[in-house]
1. When the residues of the stretch 1-51 are filtered to those that are in a loop (DSSP other than H, G, I, E, B) and of a type in the set (Gly, Ala, Ser), which remaining residue is most open to solvent (accessible area, probe 1.4 Å)?
2. Please work out which residue is modelled with the highest pLDDT, limiting yourself to the stretch 285-302 and to residues that are surrounded by fewer than 23 Cβ atoms within 10 Å (Cβ to Cβ) and more than 29 Å from the chain's Cα centre (by Cα).
3. For Gln268, indicate whether it is of a type in the set (S, T, N, Q), modelled with pLDDT under 90 and not in a loop (DSSP other than H, G, I, E, B).
4. Regarding the stretch 358-367, can at least one residue be identified that is touching an Asp or Glu at 6+ places or on another chain (Cβ under 6 Å) and open to solvent by less than 70 Å² (accessible area, probe 1.4 Å)?
5. Scan the stretch 303-320 and give yes if some residue there is under 28 Å from Asp385 (Cα atoms), open to solvent by 10 Å² or more (accessible area, probe 1.4 Å) and of a type in the set (S, T, N, Q), otherwise no.
6. Limited to the stretch 222-241, what total is found for residues that are modelled with pLDDT under 85 and of a type outside the set (S, T, N, Q)?
7. Answer with yes or no whether Lys542 is at negative phi and part of a loop (DSSP other than H, G, I, E, B).
Amino acid sequence: DEKNDERISVVDIACGISFLAGGNKSDKLAFGFRLYDADHDGMLSHAEFEQFLRSLILGLFGFSGKVNQKGVAETRHLARICVKEAAQQVVASTGQKSCGGGHGLISFEMFADFYARGGFEAIPWIELYDLQKWPLRPAFLDDSVAGDDPVEPSSAVLSPMAQLGKRRAEGAAIQARALEGPGNGQSSVILSFQLVDNGSAVLDITNIDVKFVRELAFKSGLATLTPHEIQVLLRKHIGSGCAATPTGFQSLLCSVLDNLDIPDEARQRLFMGFYSIFQTFEHTCQVNAVPQNKLLCGLLIFAAGKKSDKLHLAFAAFDSDGDGSLTAEELGEFFSGFLVGLSATHTCSGAAGLLTSEEKVQLGAVHDAAIALGSLVMREANLGDASKQLIKFSEFAEWYTGGGYTAIPWLELLDLHKWKLALEREPTMPQTYDANSPADSGDAGADPSLQASAQEAGPAATDAEDEDDVVFAFELGAEVAKLVFFRSDLVRLRNVLEITRFDRLKPEDIFHAFRATGSSSDHADEALARLSKSGFDNVIRKLVPGARLTVEEKLFLSVTLSSVFSAFDRDGTLDVSLVEFCSGFMLLASGSKSDKLALAFDEFTKDSDQVLDEAGLERFLRSFLLMLFALNEEACQSPADEIWEEVDVYIGELARQILEDVGAADQGLCFSDFATWYTDGGHLVVPWLELLSLRKWPGILQTERQSSGNDGTQYPEAGNDGIGSGGAGAGTAAAAAAAAAAAA
């Protein structure tokens, strides 16, 4: 309802809600395409095609709750970004150069061909128009949709897309049938773990348990939360470091479940399922409260994210003295938290009620086994050195990836994906878990994410009681609004890094990757080289292979990274300055602020004797500020022209001030002078430059902050580390930075 007059286009709404209908994706797209073909010539103009795509994605946004979460204005803004990019790519794939004046007409065959030849990676959300792709579909769809689709493609023009859709639909149907388990609701053990050698403690997982876990995870929405967000949720309702009482946990459940658009019966089932798990923990503690770190382990089973991230967060939660290490007893309690949580999914997957005597005995054995495992891992990880009584997460991770996964293979169940795999393997699943089977141990032993987390071992992410709290606020001058980062901005940045792993790249890798595509236009002056949107997309696909992403992750990255590119594309040509873009984009890479500034300065001055004039200094500073605005949700909701105008005013005044302070208005600014200016007080003028270091973003990296860096307050004290005080050189600018630091 763009005019807010409670009147909408019948064509738009019909196209947008068509995904609720039966039939395959191709038929729905063909139907929507015909709705916008007003002259019935089989072609859509560029404007009509954009409106067609826009209706499709607005339909998905509406049903996803995006409007309630982000507001109407930002939802429309996100839709425009997605649609503009997709339409341009479709037109480009046809070899057409213009979309106006009668040119740029698009047929459905063109669209289908674009999609089948890889376009599904550019607009993955289209897949959601196939109801088979939605997990945990309502039961009433099982007969009408999950079976053979009675609607067949009605035209030859559908063949490329229809064939692709059919292959994917068949795969989804197999998964859907696997999720149903054995017939007649019979329970059968599909995984069995003997927790310690010659012990009575056994962890059994049945097909019913798997369905129970997946229902709680996905229907409650916990499967969409990161491990850190689960921890924030606990602390918000229970308090930081406090034990969880029944009342506190019930409050948490109500906050999660009351806003779900599900029948009351389903909500009650979810409530009783989670509360039964809480009661299981309560029994093992033998008091009317559950330690928060143990309950955290239980809830992390249902969260999104990698196994390594969950282990790392929980490990820190059991580190009572904050020294980064656990004792054997703490390690045992760490294991107990996960094992009791996994055991609870088995004991509680049936009807809710009191634990039987047999179940109580088994839980006691599970806890004892966990404590014994703590001592075992401590001995093996420390190579039998009895004098060493502590273990770091990096040491635990090294032990695990070096073969320890064979001793505790049940940890693989911290990955929600493994529960689905268990069902898919069910017909041939051995009753006793084989740690050496390719589907399990191979993944565990070669898990690079756990090894990476071992290298990044350190304190847990910084938490906040309210995720909407202001984390950073920067004054940018009288004529410019503040640049304010909220907790939600940090969550989004963290999600980008967790999915892309860009923070494992070096700053120079960013420049090399985009230059290596050959998509940047040749130019005698490297500082003026250009990068096209298609070149940018190609690089992202190489750095972040689509095969390892979910549809939701692809959509999230498509919107977020396209917003970043658009922040630098001021004239809307899908073409940006390579140096400016890479200088800003390398904020996502590893490395210190000093190294990034030095590298960018070198790139901007390759053809200017290593000095910047006023215009060059403006481009240099603007590249970093535009990246920060692109990562700022509040800025993304504002009109782009207003943001660019405010940035230009602020950066122009800032560049003139720096040149005047240094006395370089005539001869230009070299990096050593800039470094000296910054260290001697410039950090108070441009504190936002501190955010070039990912270490300055609370909770973004799981590594210890450098002792010379920020003190953890909301306004970074940039002068503590200055520029050029450490790190490898980045050309002449880095050398000058080191000299400036030495002089200071």
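The values are calculated or read from the model by the stated rules, or taken from the named source; none is laboratory data. Please read these numbers as outputs of a predicted model, since none were measured by experiment. Methodologically, a virtual Cβ is constructed for each residue, glycine included, from the backbone with ideal geometry; neighbour enumeration extends over all protein chains shown. With ligands, DNA and RNA removed, areas are computed over all heavy atoms of the protein, side chains included. Shrake-Rupley method; radii C 1.70, N 1.55, O 1.52, S 1.80 Å.
1. Ala38
2. Across the stretch 285-302, the extreme among qualifying residues is Ala289.
3. Yes.
4. Among the residues of the stretch 358-367, not one is touching an Asp or Glu at 6+ places or on another chain (Cβ under 6 Å) and open to solvent by less than 70 Å² (accessible area, probe 1.4 Å), which makes the answer no.
5. Within the stretch 303-320 (the criterion being under 28 Å from Asp385 (Cα atoms), open to solvent by 10 Å² or more (accessible area, probe 1.4 Å) and of a type in the set (S, T, N, Q)), the answer is yes, since at least one residue qualifies.
6. Here the count works out to 1.
7. Against the criterion (at negative phi and part of a loop (DSSP other than H, G, I, E, B)), Lys542 does not qualify.
Results for (1) more than 29 Å from Ile499 (Cα to Cα); (2) surrounded by fewer than 20 Cβ atoms within 10 Å (Cβ to Cβ), shown as yes or no for each residue.
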position: Val189; (1), (2): yes, yes
position: Val196; (1), (2): yes, yes
position: Val213; (1), (2): no, no
position: Leu216; (1), (2): no, no
position: Gly221; (1), (2): no, yes
position: Thr224; (1), (2): no, yes
